[in-house]
Amino acid sequence: MNTIIKTVTEDSISQAAEILKQGGIVAFPTDTVYGLGAICTDEEAVKKIFAAKGRDEGKPLSILVSSIEQAEKIALEIPEKARRLMKKYWPGALTIVLRKRPEISDIVSAGKDTIGIRMPDSRMTVALLEAAGMPLAAPSANTSGKRSSVSADDVICDLSGKVDMILDGGICPVGISSTVVDLTGEKPLILREGVITKSMIDEA
């Protein structure tokens, strides 16, 4: 595969969005680490993510959204405790696990009825989401088992030839993956702690 590599501009974001709409996969910077995205309702495109990363299909993919309203289109419901966290920490490095709508493929959720959703604190990423017109299934842009990519050079070294396009937006400011909190039960359950700590979640 010939991988297109371009610096982030308005034109390259539009080109990346068209690739996504046509079933391709694109690596792009977020506020945390580089992500590898596909339209979340396109099963064949999502399968390409697993193939490029060498990822076990038994592991679910998180979904990036551009707004709470977009999250409402993929979550079965958003409880009040989730809305409180969204209002306080979105956009930001917090992935919230909620029950998914049935139209979201089981390939994305690894057969589970839940999905992790995040709104990144990156104007570029939000611009890509809005241009694509759909939430993106987007795990980190690296081969499974390797450290997350924080620069386009990291992605190029790891995934060039395996993805349709890499958007070069420089170094990701946070540099570590998001905190993941499961809100499908009675109490919040921290599945992975990042820059947003358990005490910050408890406080909210």
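Results, tabulated for the structure shown:
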| read-out | value |
| --- | --- |
| Residue match in region 137-148 (condition: in a loop (DSSP other than H, G, I, E, B) and β-branched (Val, Ile, Thr)) | yes |
| Residues being in contact with a helix residue (DSSP H, G or I) (Cβ under 7 Å, 6 or more places away or on another chain), touching a residue at least 60 places away in the same chain (Cβ under 8 Å) and either over 9 Å from TYR34 (Cα atoms) or of a type outside the set (A, V, I, L, M, F, W, C) (or both) - total across region 136-178 | 16 |
| Filtered residues of region 95-130 (kept if more than 13 Å from the chain's Cα centre (by Cα) and β-branched (Val, Ile, Thr)) | ILE104, ILE107, THR114 |
| Flag for ASP182 being farther than 18 Å from SER62 by Cα and touching a residue at least 12 places away in the same chain (Cβ under 8 Å) | no |
| Hey, VAL155 under 21 Å from GLY54 (Cα atoms), among the aliphatic types (A, V, I, L, M) and crowded, with 21+ Cβ neighbours inside 10 Å or not | yes |
| So GLY92, is it in a loop (DSSP other than H, G, I, E, B), over 13 Å from the mean Cα position of the chain (by Cα) and small (Gly, Ala, Ser) | no |
| Subset of region 41-66 that is among the hydroxyl-bearing types (Ser, Thr, Tyr) and surrounded by 22 or more Cβ atoms within 10 Å (Cβ to Cβ) - its residue that is farthest from VAL181 (Cα to Cα) | SER66 |
| Considering residues of region 67-89 that are outside any helix (DSSP H, G or I) and in contact (Cβ under 8 Å) with a residue 60 or more places away in the chain only, the residue surrounded by the most Cβ atoms within 10 Å (Cβ to Cβ) | ILE74 |
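Bear in mind that the values in this text are calculations on the coordinates, not laboratory data. This structure is a prediction, so every number in the text was calculated from the model and none was measured. Note that we place each Cβ from the backbone using ideal geometry, even for glycine, and neighbour counts take in every protein chain shown.
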